[in-house]
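Structure, as structure tokens:
The values are calculated or read from the model by the stated rules, or taken from the named source; none is laboratory data. Note that the structure is predicted; figures quoted are calculated from it, not measured. Counting neighbours? That spans all protein chains shown, and the Cβs are built from the backbone with ideal geometry, glycine included.
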């Protein structure tokens, strides 16, 4: 077997073992945490591999390399948050560039885009990316960057990443896909034609709700170098300890995603059969409008879903007051199950009119399904639904 073939290990192996037993100083099996902010020069005018922590850090670089390998990219830049990862891309655009984003994108993303547009740094166009004629028409404005979020937050809408990427590139645009909800365990946007992948590594990549960080992965080596140079110039870099924690979380990514997806499917099926629930948004269900597309471009359906209660806000209040084993909190992707009310939490800044246009109603709840025993999760849901 050639050395190249030997190095082409499966993604599960990359996640579990990248950097393991690589310590040349003491032979540590777990990669050490490097907290130093500065590094000794070998001599006058002779820097070593690392000289200053903003420029590079061994722990941060090890995590970045692992994530880039998992996504099939040429390199990754780790940032202080998922929003900082998006902003890193936006900051690289010439002033006045057009950005095309989904009409129902994450509230934090929309807030950032509107703020940048309000300062005159970019022009923003929002479009339903599942509407092919509308997407094609929007491309006539020649956007510099197309942002894709699939599945969407919180309605779990799935769009054809390969088709949208091809159309965007024909129009001269770069494509960035937010892969936070699925992770590279279940979806690889770069293989579908994207130029960049974005992550809030706070979520599934870390998996333990104890880190705030983000990542941008580039398909091209030159663009990865440009992003690293820009992150150094702006100081938009992740902390070493956060990187170490995320690398530790990454070890169990594939096992966590598989188990959480099994729980999510059972939860979705129970919700669909309950009289208090008007609609369930989970692409893993065969009657979801994007089920076939999701099955084609994803390796699984993930652990995120949303559902609508018939009784609106009063029903929501009763549900969150009685549900068990689902904690009312923002964020997602941890080993614990969470429930969020997008209209008053994650998407409150959109405003009522924009939420209504995107289909985010007051009775909508979002679930991040964790690793608790499924019997407990279903019993906890029943307690909340019975109160509705």
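Would you say residue 266 is surrounded by fewer than 23 Cβ atoms within 10 Å (Cβ to Cβ), assigned by TED's automatic domain parsing to the domain that holds residue 356 and closer than 22 Å to residue 378 by Cβ? Reasoning before the result, please.
Working: surrounded by fewer than 23 Cβ atoms within 10 Å (Cβ to Cβ): yes; assigned by TED's automatic domain parsing to the domain that holds residue 356: yes; closer than 22 Å to residue 378 by Cβ: yes.
It is true that residue 266 is surrounded by fewer than 23 Cβ atoms within 10 Å (Cβ to Cβ), assigned by TED's automatic domain parsing to the domain that holds residue 356 and closer than 22 Å to residue 378 by Cβ.
Check off (1) assigned to a strand (DSSP E or B); (2) touching a residue at least 40 places away in the same chain (Cβ under 8 Å); (3) under 21 Å from residue 371 (Cα atoms) for residue 278 and give me the number that stays unchecked.
(3)
Please work out if residue 296 is modelled with pLDDT under 95, under 25 Å from the mean Cα position of the chain (by Cα) and not assigned by TED's automatic domain parsing to the domain that holds residue 110.
Working: modelled with pLDDT under 95: no; under 25 Å from the mean Cα position of the chain (by Cα): yes; not assigned by TED's automatic domain parsing to the domain that holds residue 110: yes.
The answer is no for residue 296.
Can you tell me how many residues within region 216-249 are on the phi > 0 side of the Ramachandran plot and either crowded, with 21+ Cβ neighbours inside 10 Å or outside the structural domain of residue 67 (by TED's automatic domain parsing) (or both)? Step through it out loud before you land on a result.
Let us first name the residues in region 216-249 that are on the phi > 0 side of the Ramachandran plot, namely 235.
Add one more test, that the residue is either crowded, with 21+ Cβ neighbours inside 10 Å or outside the structural domain of residue 67 (by TED's automatic domain parsing) (or both), and what stays is none.
Total meeting the criteria: 0.
Within region 6-28, is even one residue closer than 19 Å to residue 180 by Cα and without any contact (Cβ under 8 Å) to a residue 60 or more places away in the chain?
yes
Quick one: which residue in 169, 203 is in contact (Cβ under 8 Å) with a residue 24 or more places away in the chain and either assigned to a loop (DSSP other than H, G, I, E, B) or not assigned by TED's automatic domain parsing to the domain that holds residue 244 (or both)? Before the answer, list the steps.
Working: 169 fails: either assigned to a loop (DSSP other than H, G, I, E, B) or not assigned by TED's automatic domain parsing to the domain that holds residue 244 (or both).
Only one candidate qualifies: 203.
Condition (residue is part of a strand (DSSP E or B) and in contact with a helix residue (DSSP H, G or I) (Cβ under 9 Å, 6 or more places away or on another chain)) applied to region 184-194: is it met by at least one residue?
Taking region 184-194 as the starting set, the residues that turn out to be part of a strand (DSSP E or B) are none.
No.
Pull up region 92-115, narrow it to residues that are assigned to a strand (DSSP E or B) and over 17 Å from the mean Cα position of the chain (by Cα), then point me to the one that is farthest from residue 352 (Cα to Cα). Steps first, please.
So the first thing to find is which residues in region 92-115 are assigned to a strand (DSSP E or B), and the list is 97-102.
If we keep only those that are over 17 Å from the mean Cα position of the chain (by Cα) too, we end up with 97-100.
Working: 97: 28, 98: 25, 99: 23, 100: 22 Å.
Restricting to residues being assigned to a strand (DSSP E or B) and over 17 Å from the mean Cα position of the chain (by Cα), the top hit is 97.
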